[in-house]
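Peer 1: Before anything else, here's the structure in question.
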Amino acid sequence: MNTLLQYDLLRLEAFRNNQSIRSTISISHTPALTLLKFTPIQYFNYCIGRIESPEMLDLIRGFYADTFQHQHQVLIDSQDLVSKEVLQKSGVYQNVKRISVMKIDPKSVKSAAVSPEIELVRVTEDRIQEFAWLYLSCFEAENRHAESVEENFLHKSRIPGISFFFVNFQGNPVGISGLYSDENVQILSVGAINRSHRNLGFHKASLAHRMKICQSGKPDLPIYSWAYEGSISHQNMIKQGMSLAQQLEVYEHVG
């Protein structure tokens, strides 16, 4: 399974423990496609897999008919020429960006000099509210369901294998990061820096810190992460020695 999809499925299943939003979350599987939906949060309204016929687009649009302005995205492998042709001929989907799924063997992790003023501080349950709102601030994320934010993050933090961290500079949180691991894989799941402290090397330092945690904890399991192609996050992953495992084309519904 694609690691991005694996992690997002874990998150949505955790959010379903929140009774106030359970009815807004749907997950559907076909042999070729997995469809995710969390109607108030645009990020989660996407499907991933193969689009084998124009008729599949009718199924997809029906699934997302109750989202905000019917917004959703279709993610396909960049080598999947059949899906690409179906989407391009539809006239209602536009290729807007690419996601690079990146990978590194822990034994290949580069040693990096990191300022002692920068540290990762594990998030405990008593600080999950602080983490939740800093997370949204770092991503400048639109939130359409404020009443569920803190509880959602609490449920997410309880997923086995998940760890969240504050990225601290001189003792103060300036960003957030996370890790997920199971018996098969390690994922650098999230990482972002608040606007006021960007372009100072903190994101790259957070990557280095988390890779070292993976290297020391489960040195035989591969490390994955993902980012939009060409973004600062993507560039930092390359600088830290990660290489492309899969490229996903993102098609946005515009019809």
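Peer 1: Any idea which of 68, 211, 194 is furthest toward the positive side of the dipole for the chain, if Lys and Arg beta-carbons carry +1 and Asp and Glu beta-carbons -1?
Peer 2: The one lying farthest along the dipole's positive direction is 211.
Peer 1: As a check on your grasp of the helix formula, calculate [θ] at 222 nm for the chain: sum -39500 (n - 2.57) over DSSP H runs of n ≥ 4, divide by the residue count, round to the nearest 500.
Peer 2: Value at 222 nm, helices only, nearest 500: -9500 deg cm²/dmol.
Peer 1: Among the aspartates and glutamates, which fall within straight-line cross-link reach of residue 103, defined as a Cα-Cα distance under 15 Å, with same-chain neighbours fewer than 8 residues apart omitted?
Peer 2: 220, 229
Peer 1: Summarise the accessible area of the chain (1.4 Å probe, protein heavy atoms) by the percent that is carbon and sulfur.
Peer 2: Of the solvent-accessible surface of the chain, carbon and sulfur hold 50 percent.
Peer 1: How high is the relative contact order of the chain, in percent, counting Cα pairs under 8 Å that sit 6 or more residues apart?
Peer 2: So the answer I get is 27 percent.
Peer 1: Excluding ligands, DNA and RNA, what is the solvent-accessible area per residue of the chain at a probe of 1.4 Å, expressed in Å²? Kindly include the intermediate steps, with their values, before the conclusion.
Peer 2: On the way: 12100 Å² over 255 residues.
Ligands and nucleic acids excluded, the figure is 47 Å² per residue.
Peer 1: Once the piece of chain linking residue 81 and residue 183 is laid out straight, how much longer is it, given 0.36 nm per residue of separation minus the C-alpha distance between them?
Peer 2: Going from the current span to full extension adds 33.4 nm.
Peer 1: Find how much the distance from residue 235 to residue 89 grows on full extension, using 0.36 nm per residue of separation minus their present alpha carbon separation; answer in nm with one decimal.
Peer 2: Full-extension gain reported as 49.3 nm.
Peer 1: In terms of Cα to Cα distance under 28 Å, which lysines are near enough to residue 89, apart from those fewer than 8 places away along the same chain?
Peer 2: Counting by Cα, and skipping residues close in sequence, residue 89 has these lysines nearby: 37, 97.
Peer 1: In whole Å, what is the distance between the alpha-carbon centres of the stretch 182-244 and the stretch 1-54?
Peer 2: Between the Cα centres of the stretch 182-244 and the stretch 1-54 lies a distance of 24 Å.
Peer 1: Hey, any idea what the orientation-averaged projected area of the convex hull of the chain's Cα atoms comes to, in nm²?
Peer 2: Taking the Cα atoms of the chain, their convex hull projects to 13.6 nm² on average.
Peer 1: Let me ask another. What shape does the stretch 114-255 take by its C-alpha gyration tensor, where a ≥ b ≥ c are the square roots of the eigenvalues and a/c under 1.5 counts as rounded, a/b above b/c as prolate, and the rest as oblate? Spell out each step's value before the answer.
Peer 2: Values: a/c = 1.23, a/b = 1.06, b/c = 1.16.
The shape class here is rounded.
Peer 1: Given the pairs 156/239; 212/239; 110/156; 84/239, which span a C-alpha to C-alpha distance of over 23 angstrom in this model? Mind showing how you got there, number by number?
Peer 2: Numbers: 156/239 30 Å; 212/239 15 Å; 110/156 30 Å; 84/239 30 Å.
Those over the limit are 156/239; 110/156; 84/239.
Peer 1: Report the calculated FRET efficiency for residue 68 and residue 105 (r = Cβ-Cβ distance, R0 = 35 Å), to the nearest 0.05.
Peer 2: 0.30
Peer 1: Another question, then. Ranked from highest to lowest mean number of other Cβ atoms within 10 Å per residue, what is the order of the peptides 74-80, 63-69?
Peer 2: 74-80, 63-69
Peer 1: Can you give me the distance in nm between label points at residue 129 and residue 172, each placed 7 Å from the Cα along the Cα-to-Cβ direction?
Peer 2: 2.2 nm
Peer 1: Rounded to the nearest 0.05, what FRET efficiency do residue 243 and residue 13 give with R0 = 25 Å and r taken as the Cβ-Cβ distance? Could you check?
Peer 2: Step by step, r from the Cβ atoms, then E = 0.25.
Peer 1: Something else about it: Can you classify the stretch 18-149 as rounded, prolate or oblate using the Cα gyration tensor, where a ≥ b ≥ c are the square roots of its eigenvalues, rounded means a/c under 1.5, and otherwise it's prolate if a/b beats b/c and oblate if not? Don't skip to the end; give the middle numbers.
Peer 2: Details: a/c = 2.57, a/b = 1.39, b/c = 1.86.
Judged from the Cα gyration tensor, the stretch 18-149 comes out oblate (a/c at least 1.5, b/c at or above a/b).
Peer 1: Residue 98 to residue 61: FRET efficiency via 1/(1 + (r/R0)^6), r the Cβ-Cβ distance, R0 25 Å, to the nearest 0.05? Please list the in-between numbers first.
Peer 2: Values: r = 23 Å, r/R0 = 0.91.
After rounding, the FRET efficiency stands at 0.65.
Peer 1: In the chain, what percentage of the DSSP-assigned beta bridges are antiparallel, given to the nearest 5? Provide the component values of the computation, followed by the final result.
Peer 2: Values: 50 of 55 bridges.
The answer is about 90 percent antiparallel.
The values are calculated or read from the model by the stated rules, or taken from the named source; none is laboratory data. Quick caveat, the model's predicted, so the values are computed rather than measured. All Cβ positions, glycine included, derive from the backbone under ideal geometry; neighbour counts span all protein chains shown. Surface accessibility is based on the protein's heavy atoms, side chains included, excluding ligands, DNA and RNA. Shrake-Rupley method; radii C 1.70, N 1.55, O 1.52, S 1.80 Å.
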